[in-house]
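Please read the structure below before turning to the comments.
The values are calculated or read from the model by the stated rules, or taken from the named source; none is laboratory data. Small disclaimer: the values here were computed from a predicted structure and weren't measured. Methodologically, a virtual Cβ is constructed for each residue, glycine included, from the backbone with ideal geometry; neighbour enumeration extends over all protein chains shown.
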Amino acid sequence: MWCWHLSSIPRDKKVEHSDVIDDNDINNENLEDLNQINPLVEPLPWWYEFYKRIKLVPWWLRYNIGIAKQADLRDKIIKLSTSMGLDDKIVSKIIRHAVSEFSKNGLGADYYGYHNIDHELEVAYFTLLAAKGQKRQEYRLSQKDLITLFIAALFHDYDHLKRFDKPNEDSVEKFIRNDHKIKRFIDDFEISIDIVIALIYRTAYPFKGLIAERSNKRMQELFTSGGIPENDITIRKHFEDLGWFLSISDRIAGYSLGNFERSKELARRNAHSLGWHPSVINTESVKYFTSLKEEKEMFERVLDGVSQEYKKNFSDNVMAFRDAWAKEVEIRGSVRNMLLELITVVEGIHTISSNMIESLLHIYKESPAPMSTGFKKFKKSVTDPHAILVTLRTINKNGEPIGYANGGRL
């Protein structure tokens, strides 16, 4: 079994739109036809949830004693929400339910995609943080607004079927309405489930064209069923802006809360979600962040509510992606102008150096998440006497490996 893994040298040909499923095709009226031809959207077997519970026991133990990453985010959310006047016991129960549902349905910390429980917790925390930090009086939110925003943030990707890694808002609405615990939590807080779902529809991305048209139509319907009169333009605009606030928070939370290593991991996962080819991750990431300029008003409003540390994180990470993209352009030019020559080498497994192993491990970490088979397994495969390892090296940089292919017995 063979597979080439390349580092930062991109392919010359970018993936065309015809090579991936268009966003408008995912969210249009032909979705039911799509379901019938895609076997991956069939409901999970009855035993799957039980299997996941058994498999997750070690992680649940770490989570409950507070040493898992998700436990740290949980504690931060509870502490923050308590300082904002929310009931810490109810908030704790809601988070526990979210973590449980995402995990047992295959969207826990072990899920390779972008929209997993880590993302939900990061968005919930970042959204509350940005909402609390609003300095201008006209941007201050009521208690019910904060609760509505929190519930919407925590469950905005609540899509068990996962037709694609990118969630479908119709599915999210269906699952929320049929989850009796979520409905009970919403009732306890005395907020509207219709308004919560309306905010979630505003997180559809990219919010333009048919996607925006369809989402806006559903949002207006939900505002009506949520008790907001059609002629009350002010209140409807308020909740539209609240959904926009959530949408921006959704897109920048992970890139603001961590360093560049974490951001690169998120970009690889996001590439899978948005259908980017791995070779254009840096290019598309730059476009992804540049597009926020089109939403400058709300983007600045969200960032205005968070700490300088998180603002700097986001700025530094965006700049790092720009630098990485610039380096790719330089390397591509070197290859085209024959300034960078590459050769393939069949490596001797028994003579492979520790430096070579480190280089291969670095390339492995840069590979997209779905390609990963487990760090320990990969490290073992590199020195397996029955494996064949071929590296792609640069001639004029001391033979530095920039890619590899390894294979072995199935």
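Taken over the range 341-376, residues that are at pLDDT below 80 and in a helix (DSSP H, G or I) amount to 10. With respect to (1) touching a Phe, Trp or Tyr at 6+ places or on another chain (Cβ under 8 Å); (2) free of Cβ contacts under 8 Å to residues at least 60 places away in the same chain; (3) not charged (D, E, K, R), the lone exception for residue 258 is condition (1). The set of residues in the range 119-154 that are surrounded by 24 or more Cβ atoms within 10 Å (Cβ to Cβ) and either among the small types (Gly, Ala, Ser) or over 21 Å from residue 256 (Cβ atoms) (or both) comprises 124, 130, 131, 147, 148, 151, 152, 153. Evaluation of residue 108 against the conditions (1) surrounded by 15 or more Cβ atoms within 10 Å (Cβ to Cβ); (2) at pLDDT 90 or above shows that the sole unmet condition is (2).
Has the range 48-68 got at least one residue that is touching a helix residue (DSSP H, G or I) at 6+ places or on another chain (Cβ under 6 Å), assigned to a helix (DSSP H, G or I) and more than 24 Å from residue 273 (Cα to Cα)?
Yes, the range 48-68 has at least one match.
In the range 203-216 there is no residue matching the filter, namely being farther than 27 Å from residue 285 by Cβ and of a type in the set (Phe, Trp, Tyr).
For the range 267-276, give me the residue count where each residue is in contact with a His (Cβ under 8 Å, 6 or more places away or on another chain) and modelled with pLDDT of 80 or more.
1
When the range 103-135 is filtered for residues that are free of Cβ contacts under 8 Å to residues at least 40 places away in the same chain and out of contact with any Leu (no Cβ under 7 Å at 6 or more places or on another chain), only 111 remains. When 207, 189 are screened for being more than 21 Å from residue 270 (Cα to Cα) and among the aromatic types (Phe, Trp, Tyr), only 189 passes.
Return yes when residue 146 is in a loop (DSSP other than H, G, I, E, B) and among the hydrophobic types (A, V, I, L, M, F, W, C) and no when it is not. No, not satisfied. For the criterion of being in a helix (DSSP H, G or I), at pLDDT 90 or above and among the acidic types (Asp, Glu), residue 157 fails. When each of 352, 363 is tested for being farther than 30 Å from residue 203 by Cβ and in contact with a Phe, Trp or Tyr (Cβ under 9 Å, 6 or more places away or on another chain), the lone residue that passes is 363. Of the helices (runs of 4 or more DSSP H) lying entirely inside the range 204-299, those containing at least 1 residues that are of a type in the set (S, T, N, Q) and more than 16 Å from residue 318 (Cβ to Cβ) span 209-225, 233-257, 260-274. Inspect the range 188-196 for any residue being in contact (Cβ under 8 Å) with a residue 12 or more places away in the chain, closer than 30 Å to residue 288 by Cα and buried (at least 22 other Cβ atoms within 10 Å of the Cβ) and give the result as yes or no. Taking every residue of the range 188-196 in turn, at least one turns out to be in contact (Cβ under 8 Å) with a residue 12 or more places away in the chain, closer than 30 Å to residue 288 by Cα and buried (at least 22 other Cβ atoms within 10 Å of the Cβ).
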